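Presented below is the structure to which this report refers.
The values are calculated or read from the model by the stated rules, or taken from the named source; none is laboratory data. Owing to the predicted nature of the structure, the values given are computational and were not obtained by experimental measurement. All Cβ positions, even for glycine, are placed from backbone atoms using ideal geometry, and neighbour counts span all protein chains on display.
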Amino acid sequence: MKRSIRTTFIGLFICLLAMVLLAVWAMNSFFLEKYYLNEQFSGLPESIKQELQIMCVMYTEDIGGIILLEFMPDGRLQFKVEAEENDYLFDEIGSALKIKQYQAEKRELLESLELYYKVKVLGIPADELLDDEQMERYQED
């Protein structure tokens, strides 16, 4: 059975393309981090979700380990960091500095998240949490 060069090249091209797609899928599955945002925060605007994701990605790239943003029972937002014992690239001192940097640079975002959590999840009325000036500002937004 003779095959033309054209048929051989088409078959070779399809196999090569399949291998490249498989390699890209494997790299995405195994080497890229996975991110998780709790269902309770699905109502957040997409821009805030993206800003949080960028913040966490940058932390992981710069410091290593895993950063978690967790709410305390009273509604305060807390940064938690986890790193495996054999993660030699994790920088513990850099971690504390990076968290302080985020707390300073992203203060308004973090305070807004705490307010969102207290109102939406804990059910505390917003007028109990904000003074008149802050209520006007949030109503304008």
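Summed over the range 59-77, the residues that are more than 30 Å from residue 129 (Cα to Cα) and in contact with a Phe, Trp or Tyr (Cβ under 6 Å, 6 or more places away or on another chain) give a count of 2.
Restricting attention to the range 5-43, the residues that are at pLDDT below 85 and out of contact with any Leu (no Cβ under 8 Å at 6 or more places or on another chain) total 20.
Apart from one condition, residue 80 fits all of (1) farther than 30 Å from residue 129 by Cα; (2) not in a helix (DSSP H, G or I); the exception is (1).
Of all the numbered requirements in (1) surrounded by 15 or more Cβ atoms within 10 Å (Cβ to Cβ); (2) within 18 Å of residue 100 (Cα to Cα); (3) touching a residue at least 24 places away in the same chain (Cβ under 8 Å), residue 66 misses one, and that requirement is (3). Candidates are the residues of the range 94-129 that are closer than 13 Å to residue 79 by Cβ and hydroxyl-bearing (Ser, Thr, Tyr); the one that is farthest from the chain's Cα centre (by Cα) is 95.
Within the range 83-114, being of a type in the set (Phe, Trp, Tyr) and part of a helix (DSSP H, G or I) holds for one residue alone: 102.
For the range 41-61, a residue qualifies if it is assigned to a helix (DSSP H, G or I), more than 9 Å from the chain's Cα centre (by Cα) and exposed (fewer than 12 other Cβ atoms within 10 Å of the Cβ), and the qualifying residues are 46, 47, 61.
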